[in-house]
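Report on the following structure.
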Amino acid sequence: MIPFVDVKREYHEIKEEIDNAVQRVLESGWFILGEELKKFEEEFAKYLGANYAIGVNSGSDALYLSVKALGIGRGDEVITVSHTFISTVDAIVRNGARPVFVDIDPETYTIDVNQIEEKITKKTKAIIPVHLYGHPADMDPIMEIAEKHGLYVIEDASQAHGAEYKGKKVGSIGHVACFSFYPTKNLGAYGDAGAIVTNDNELAERLRMMRNYGSPKKYYHDFIGVNSRLDEIQAAILRVKLKYLNRWNERRREIAKLYNEFLKDTGVITPVEKEWAKHVYHLYVIRHKERDELQQYLLRNGIKTQIHYPVPVHLQKAYLDLGVKVRLPVTEQISQEILSLPMFPHLSDTEVEKIARVVKDASNG
Ligand SMILES: *Cc1c(COP(=O)(O)O)cnc(C)c1O
């Protein structure tokens with residue numbers, strides 16, 4: 001059986017370094033808001049070419065706190081996509097604001113920049129583009145529109161650690177950016193973790209308090225915050241893994257290239273990398289008209305796949321009584337056709353070849 005993802009292989013490559021890092025924290029007796037987090041925040045910000053990173057509990061919290069810290073709430077609207085992981089949109093709703101959905105570009109599966117402006121109203125406060133699957137959204141037009149209408153841009157970079165837009169790392173372009181370090185992400189912790197990235201000093205300060213009960217100083221509280229911190233053990237693990245991120249992203253790109261070559265003359269549509277983009281292939285997503293049959297065929301042949309995502313957010317049960325009625329033709333169609341093949345740095349060439357062969361067999365026969 002070829003797994004969809006296997007983080008154990010990665011652990012075994014770097015076991016000694018990880019074990020040492022964890023032990024260092026255990027021996028220190030300091031587990032929350034210490035030196036490991038401080039160093040990781042500096043190292044991660046530097047890696048992205050941004051000023052500040054603020055470690056939080058998860059990618060979902062990063063999004064929720066970013067929306068909140070920008071003062072977005074009841075009566076406000078935020079433009080985003082429906083073709084994403086649900087917590088992009090939950091962050092808006094949990095703050096009392098209304099999500100306004102824009103369809104996606106059929107090549108990159110990221111927000112269709114030509115459909116943003118028509119959705120802007122007096123209530124619009126922000127745009128949340130998602131760098132989905134590891135491919136950046138088209139940031140220049142997004143930043144232009146935002147500037148013209150006085151809106152914030154919150155990048156959801158949870159699937160795009162190290163991806164680049166016109167030579168710049170994603171997460172360093174918008175007013176604020178959110179990362180998830182869920183274990184299977186390109187940079188993953190061994191538990192829940194996330195970060196918010198910004199160049200804005202004031203916003204960074206506010207977020208640092210917000211994740212820690214609104215506290216500037218122990219037992220003094222300036223506003224009502226939350227408990228959402230990236231703990232020292234996870235920070236120490238992330239510091240080790242950050243050093244491998246570029247190498248592992250390159251390996252993902254190599255695997256994608258192999259898949260692309262093997263699948264060239266088949267009935268499947270393979271991922272696109274725009275000339276302005278550096279794709280980091282968090283997921284390798286193909287499209288096929290008979291997706292469900294293809295997935296079953298692969299499973300019968302020992303290959304596990306997944307669908308990201310089978311139901312767009314605006315059609316999720318949780319969103320039905322929110323009154324967000326909208327037609328998103330591209331989003332709705334591709335959710336029926338997409339299939340994510342196994343993709344992780346420690347997948348072998350032989351495995352990639354086997355997967356591609358089975359896909360080929362299925363789509364030709
Ligand atoms: C993973 C992910 C999140 C949520 O991150 P968690 O750390 O799991 O809370 C948000 N948005 C996108 C696009 C994601 O892929």
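The values are calculated or read from the model by the stated rules, or taken from the named source; none is laboratory data. Since we're looking at a predicted model, the values are computed, not measured. Neighbour counts are summed over all protein chains in view; Cβ atoms, including those assigned to glycine, are modelled from backbone coordinates with ideal geometry.
Mind telling me which of the residues Y165, Y109 ends up being over 11 Å from the mean Cα position of the chain (by Cα), within 18 Å of A277 (Cα to Cα) and within 14 Å of the ligand (Cβ to nearest atom)?
Answer to the selection: Y109.
Name the residue that is farthest from the ligand (Cβ to nearest atom), counting only residues in region 116-162 that are of a type in the set (G, A, S) and in contact with a Cys (Cβ under 7 Å, 6 or more places away or on another chain).
Restricting to residues being of a type in the set (G, A, S) and in contact with a Cys (Cβ under 7 Å, 6 or more places away or on another chain), the top hit is A157.
Taking the conditions exactly as written (surrounded by fewer than 18 Cβ atoms within 10 Å (Cβ to Cβ) and farther than 25 Å from V78 by Cβ), does I307 satisfy them or not?
So I307 passes the test.
Between a first residue in region 168-181 that is closer than 11 Å to I128 by Cα and a second residue that is in a loop (DSSP other than H, G, I, E, B) and away from the ligand (no atom under 14 Å from the Cβ), which pairs have beta carbons less than 7 Å apart while being 6 or more apart in sequence or on different chains?
These pairs meet every condition: H175/D200.
Mind checking which pairs have a first residue in region 324-351 that is in contact (Cβ under 8 Å) with a residue 60 or more places away in the chain and a second that is assigned to a loop (DSSP other than H, G, I, E, B) and of a type in the set (G, A, S), Cβ under 7 Å, 6 or more apart or different chains?
Close Cβ pairs (under 7 Å, with a partner that is assigned to a loop (DSSP other than H, G, I, E, B) and of a type in the set (G, A, S)) amount to L328/S82; T331/S82.
Looking at the structure I just gave you, is A318 among the aliphatic types (A, V, I, L, M), at pLDDT below 95 and either out of contact with any Asp or Glu (no Cβ under 9 Å at 6 or more places or on another chain) or assigned by the TED database to the domain that holds A356 (or both)?
yes
Sort out which residues of region 216-251 are of a type in the set (F, W, Y) and over 21 Å from the mean Cα position of the chain (by Cα), and write them in order of number.
Within region 216-251, Y219, Y220, F223 qualify.
Residues are listed down the side, and each one gets a yes or a no for (1) surrounded by fewer than 13 Cβ atoms within 10 Å (Cβ to Cβ); (2) over 22 Å from W248 (Cα atoms); (3) among the β-branched types (V, I, T):
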{"position": "E13", "(1), (2), (3)": "no, no, no"}
{"position": "G29", "(1), (2), (3)": "yes, yes, no"}
{"position": "G34", "(1), (2), (3)": "no, yes, no"}
{"position": "A45", "(1), (2), (3)": "no, no, no"}
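Give the residues of region 185-227 that are surrounded by 16 or more Cβ atoms within 10 Å (Cβ to Cβ) and within 11 Å of the ligand (Cβ to nearest atom), sorted by residue number.
Scanning region 185-227 gives K185, N186, G188, A189, D192, A193, G194, A195.
For region 116-139, give me each residue that is in contact (Cβ under 8 Å) with a residue 40 or more places away in the chain and not β-branched (V, I, T).
The answer is K119, K123, K125, A126, P129, L132, Y133, G134, H135, P136, D138.
Could you say whether any residue in region 277-289 is without any contact (Cβ under 8 Å) to a residue 60 or more places away in the chain and in a loop (DSSP other than H, G, I, E, B)?
The answer is yes; a qualifying residue exists.
In contact with a Lys or Arg (Cβ under 8 Å, 6 or more places away or on another chain), surrounded by 18 or more Cβ atoms within 10 Å (Cβ to Cβ) and not assigned by the TED database to the domain that holds I54: which single residue out of V313, V268 fits that description?
It is V268.
Against the condition within 27 Å of G96 (Cα to Cα), aromatic (F, W, Y), out of contact with any Phe, Trp or Tyr (no Cβ under 8 Å at 6 or more places or on another chain) and surrounded by 15 or more Cβ atoms within 10 Å (Cβ to Cβ), how does Y319 come out, does it pass?
Answer is yes for this residue.
Which condition breaks for R252 when tested against (1) within 17 Å of L283 (Cα to Cα); (2) away from the ligand (no atom under 16 Å from the Cβ); (3) outside the structural domain of N95 (by the TED database); (4) not β-branched (V, I, T)?
So the condition that R252 fails would be (2).
Output the residues belonging to region 31-52 that are hydrophobic (A, V, I, L, M, F, W, C) and in contact with a helix residue (DSSP H, G or I) (Cβ under 9 Å, 6 or more places away or on another chain).
Within region 31-52, F31, I32, L33, L37, F40, F44, A50 qualify.
What number of residues in region 328-348 are out of contact with any helix residue (DSSP H, G or I) (no Cβ under 7 Å at 6 or more places or on another chain), surrounded by fewer than 19 Cβ atoms within 10 Å (Cβ to Cβ) and not aliphatic (A, V, I, L, M)?
4
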